[in-house]
Amino acid sequence: MDEAVRLAVDGGKVIEDSQEFAAANGFAHAELVGLCKSLATGGFITTEATSRQSLQLTKEGELVVTSGSPEAVVFGCVPAEGGIASEELDQRAGAAAKVGLSKAIQNKWLQVVKQPLSADELAAAEAAAAAAGKKKAATDRKLVQRLVGSVEDAVQAQLRAAKGGSPPPDAELAVLKKRGLLAVATVKALRVAAGPQHGNWGRKPASDLTHEMVLRGTWRDALFKPVNVDAAGVAPAGGALHPLLKVRSMFREIFLEMGFAEMPTQQYVESSFWNFDALYQPQQHPARDAHDTFFIKTPAQTRELPADYMERVRATHEVGGEGLSDEFNSRSTGWRYDWSEDEARKNLLRTHTTAASSRTLYQIAQLAKANGGAFQPQKYFSIDRVFRNEALDATHLAEFHQVEGFVIDRNLSLGNLMGTIADFYRRLGPEFKHMKFKPTYNPYTEPSMEFHCYHEGLGKWVEVGNSGVFRPEMLRPMGFDEDVQVIAWGMSLERPTMIKYGYDNIRDLFGHRIDLGMVRKHPIVRWT
Ligand code: PHE
């Protein structure tokens, strides 16, 4: 077939109609089309889809060509002399009988006459009618007789001619179509001509330029498949951002837009002092237990802690504000226990990024002191890892991320805190527009509030964070004035990411069991 196609398009010749070409050569048309498609990709030929209307004989039409039109068949069943009873004609002519008789009558080839029954026949007909339960019996019979001696089957002749490619004039054509003997069909075919690579017929074109072709110089004589600019490209194997990182950049952008600066958070290993004590978290607090906290074996203790600040923290834990200021003292009694420096020096993996906030706040206080007490209002955020000795399940990991933030200024209120958090979520997207604040307890904030978002997609309220106003027991030992307030919050990074990306198991999103292909599966993603 390949050779036949090559010869047919040689020397500027074309295959005008693949259907006719296939019929003439005894090829299956579908196979020929398949071959042409692959030859065309190689550039050996060019193809063009064509479509034309063609007259085709129906099954009935084919029957007329072989056995004659129904009217001719019926005519042939009628004897030249005398005629035939119509029942008998029905039997002889079979399928052609009904249409054939009416056409033959129309053509004035045959006629039907009524003939009275003889006395015997009448008696027999009455007996048969009575047996069948009919009241009346027929009194005559129908007889079919010839009107002409012979006929010419024009319909058969027209169909034969049409099959041979010369259809009859329009009037006759319309009649044949109406009788369902001929139909118009759309014929789809290919017009085939030689392509730019015709001279290379038989050579297999390469689809890629290889390293070896370049090295050996064989690319010069190589035959290449034409470039298909519509083909889907190979997915680039380059880096892709993990969903958590995308959400992190989104959060970071929002904080920066709101005028926040980023805190340094590189310190995964932290002392108990900055993680707990500086936050006025008593040393007996259950969260400081090894069940909830990963302690570090080497080095087990931290060496550098600011001595005077540590003494003020000790005093506040033990007896409250004593020795700091009269007003503060009268409002705070401390936790009333013997504070242990040894306990404060224990190293751990930070359990919250609030450890970074306590360090940053202490720095701000030190700076204010160095500037002769001049205090600058500030807004800080961080997004980084924290570690907790948790039982792992679908919503808990031992290593996860926190989004932390605080605002320090004079005379801040709970309203400022709620407004700042609500502003953040409003900027995050319409799915976080409904918020609810709920009182809670933290050792280092008073008042404290959890905040929840109504998630439209999940159809329920989801807790997204925890917040509060830092207690004077935390801020006063650092050296801040009494009217300086800090509003602060901490929230999850994983939870909103899971909601956004439709994960119900945190272990599919983060940790050692994730499917790395997942990262690539998320193309360019925008938060809203
Ligand atoms: N540190 C708290 C937590 O881990 C969050 C928090 C931060 C609460 C700041 C109040 C203020 O859940």
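The values are calculated or read from the model by the stated rules, or taken from the named source; none is laboratory data. Just so you know, these numbers come straight off a predicted model, no measurement behind them. Because the Cβ atoms are built from the backbone with ideal geometry, glycine has one as well, and the counts that use them run over all protein chains shown.
A compact table of results
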| read-out | value |
| --- | --- |
| Criterion (touching a residue at least 60 places away in the same chain (Cβ under 8 Å), surrounded by 15 or more Cβ atoms within 10 Å (Cβ to Cβ) and more than 30 Å from Cys36 (Cβ to Cβ)) met by exactly one of His198, His242 | His242 |
| Filtered residue count, region 423-459, keeping only those that are buried (at least 16 other Cβ atoms within 10 Å of the Cβ) and not charged (D, E, K, R) | 16 |
| Filter result (out of contact with any helix residue (DSSP H, G or I) (no Cβ under 8 Å at 6 or more places or on another chain) and of a type in the set (A, V, I, L, M, F, W, C)) within region 398-444 | Ala398, Leu412, Leu414, Leu417, Met418, Ile421, Ala422 |
| Those residues of region 389-415 which are within 20 Å of Trp489 (Cα to Cα), of a type in the set (D, E, K, R) and within 13 Å of the ligand (Cβ to nearest atom), in sequence order | Glu404 |
| Elements of type strands (runs of 3 or more DSSP E) contained in region 369-461, each with 2 or more residues being at pLDDT below 85 | 445-455 |
| Conditions (1) closer than 30 Å to Val73 by Cβ; (2) in contact with a helix residue (DSSP H, G or I) (Cβ under 6 Å, 6 or more places away or on another chain); (3) without any contact (Cβ under 8 Å) to a residue 24 or more places away in the chain; number of the one not met by Ala137 | (1) |
| Test: residue in region 136-159 that is surrounded by 14 or more Cβ atoms within 10 Å (Cβ to Cβ), in contact with a strand residue (DSSP E or B) (Cβ under 7 Å, 6 or more places away or on another chain) and within 30 Å of Ser18 (Cα to Cα) | yes |
| Leading residue by the ranking (nearest to the chain's Cα centre (by Cα)) among those in region 462-496 that are under 16 Å from Asn275 (Cα atoms) and within 12 Å of the ligand (Cβ to nearest atom) | Gly490 |
| Options Arg331, Arg350, Arg345, Arg359; residue that is more than 14 Å from the ligand (Cβ to nearest atom), out of contact with any Gly (no Cβ under 9 Å at 6 or more places or on another chain) and closer than 30 Å to Glu311 by Cβ | Arg345 |
| Among residues of region 374-389, those that are free of Cβ contacts under 8 Å to residues at least 40 places away in the same chain and either within 30 Å of Leu245 (Cα to Cα) or not hydrophobic (A, V, I, L, M, F, W, C) (or both), counted | 3 |
| Complete set of residues in region 61-80 that are over 16 Å from Leu101 (Cα atoms) and either in contact with a strand residue (DSSP E or B) (Cβ under 8 Å, 6 or more places away or on another chain) or surrounded by 16 or more Cβ atoms within 10 Å (Cβ to Cβ) (or both) | Gly61, Leu63, Val65 |
